[in-house]
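The values are calculated or read from the model by the stated rules, or taken from the named source; none is laboratory data. Since the model is a prediction, treat every value here as computed from it, not as a measurement. Every residue, glycine as well, gets a Cβ built from its backbone with ideal geometry; the counts of neighbours run over all protein chains shown. Heavy atoms of the whole protein, side chains included, go into the accessibility calculation; ligands, DNA and RNA do not. Shrake-Rupley method; radii C 1.70, N 1.55, O 1.52, S 1.80 Å.
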Amino acid sequence: MNILSPSILSADFSKLGEQIRILDQTGAEYIHIDVMDGLFVPSISFGFPIIQSIRPITDKFFDVHLMIKEPERYIDRFAEVGSDSLTIHVEACRSVKDTLLKIKEKGMKAGISLCPQTAIELIYPYLEYVDQVLVMTVNPGFGGQEYLDSCTQKITEVRKEINRRGLPVDVAVDGGVNLQNAEMILKAGANVIISGSSVFKGDIKENVAKFMDILEMN
Ligand code: DX5
Ligand code: ZN
């Protein structure tokens, strides 16, 4: 089943609650929450207080993307504030396997992500421990960048490997996804579409409805 995960990095933070209430009324199943530490990526976004304060607004699945160094330090806190899933970067952990196991131990889903310049094979040893692979199709750190075509092959390859092993793992794609390229991305093997600027620019409800049409037809 295909899922839409709107990224609130592109929300208008002066009315974040209101915009989450709008998403709550749509067919988007997830809310994608980008946490950045100014170290793993050049930018700093937001952290625990924001997640905690939007948690009571919606029951949607909080798909938390940790672009932070040594995320193992904060797994307990992210669980406490209401994260449903934590996706960590293969490049950022001291022990990737231990970090993934700890996320599961805390009752959350676990995801693994990789930057555009990282080879997809680097995550293969961890496929057994994750619920989601998040393929980054821009350099992490900022919304509104252009989709890197060179990453499409990774989506196809990881989907093939997951199917070959018969694992129940979702393939999410994050970065530069829009209404024009979403179908191609689904056809390449993704089933979770993450999108920030293409959801929040203009009318959120209309944008989500258009994405949902594409997701349902593919
Ligand atoms: C980028 C973030 C993305 C970002 C996507 O580092 O991980 O989730 O919000 O934004 P768009 O869809 O605008 O590329
Ligand atoms: Zn993200």
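Residues are listed down the side, and each one gets a yes or a no for (1) open to solvent by 10 Å² or more (accessible area, probe 1.4 Å); (2) more than 15 Å from the chain's Cα centre (by Cα):
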position	(1), (2)
D131	yes, no
G143	yes, no
E146	yes, yes
R159	yes, yes
R164	yes, yes
I194	no, no
Practice problem: State yes or no: is L114 open to solvent by 10 Å² or more (accessible area, probe 1.4 Å) and of a type in the set (A, V, I, L, M, F, W, C)? | Solution: no
Quiz item: On the given criteria, is A79 more than 13 Å from ligand 2 (Cβ to nearest atom), under 20 Å from I51 (Cβ atoms) and either assigned to a helix (DSSP H, G or I) or of a type in the set (F, W, Y) (or both)?
Solution: yes
Self-check item: Tally, over region 200-218, of residues that are open to solvent by 90 Å² or more (accessible area, probe 1.4 Å) and closer than 16 Å to N2 by Cβ
Solution: 3
Practice problem: List the number of the failed condition for N207; all other conditions in (1) touching a residue at least 24 places away in the same chain (Cβ under 8 Å); (2) under 16 Å from the mean Cα position of the chain (by Cα) hold. | Solution: (2)
Quiz item: In this structure, does S45 turn out to be of a type in the set (S, T, N, Q), open to solvent by 10 Å² or more (accessible area, probe 1.4 Å) and within 12 Å of ligand 1 (Cβ to nearest atom)?
Solution: yes
Exercise. Filter region 1-12 for residues that are in a strand (DSSP E or B) and more than 24 Å from R77 (Cβ to Cβ) and give the result.
Key: I3, L4
Quiz item: Among all residue pairs at least 6 apart or on different chains, which show Cβ distances below 6 Å where the first residue, located in region 137-160, is within 14 Å of ligand 2 (Cβ to nearest atom) and the second is in a helix (DSSP H, G or I) and open to solvent by 50 Å² or more (accessible area, probe 1.4 Å)?
Solution: none
Quiz item: Quick one: which helices (runs of 4 or more DSSP H) sit completely within region 90-193 and have at least 3 residues that are closer than 20 Å to N2 by Cα?
Solution: 152-165, 182-188
Quiz item: Here are some conditions: (1) without any contact (Cβ under 8 Å) to a residue 60 or more places away in the chain; (2) in contact with a helix residue (DSSP H, G or I) (Cβ under 9 Å, 6 or more places away or on another chain). L186 meets all but one. Which one does it not meet?
Solution: (1)
Quiz prompt | Qualifying positions in region 48-63 - under 13 Å from the mean Cα position of the chain (by Cα) and open to solvent by less than 20 Å² (accessible area, probe 1.4 Å) | solution = F62, D63
Quiz item: For region 13-55, what are the residues that are more than 15 Å from ligand 2 (Cβ to nearest atom), closer than 16 Å to E206 by Cβ and part of a loop (DSSP other than H, G, I, E, B)?
Solution: Q25, T26, G27
Quiz item: When you go through (1) out of contact with any Phe, Trp or Tyr (no Cβ under 9 Å at 6 or more places or on another chain); (2) open to solvent by less than 50 Å² (accessible area, probe 1.4 Å); (3) among the aliphatic types (A, V, I, L, M); (4) within 25 Å of N191 (Cβ to Cβ) one by one for V35, which number turns out not to apply?
Solution: (1)
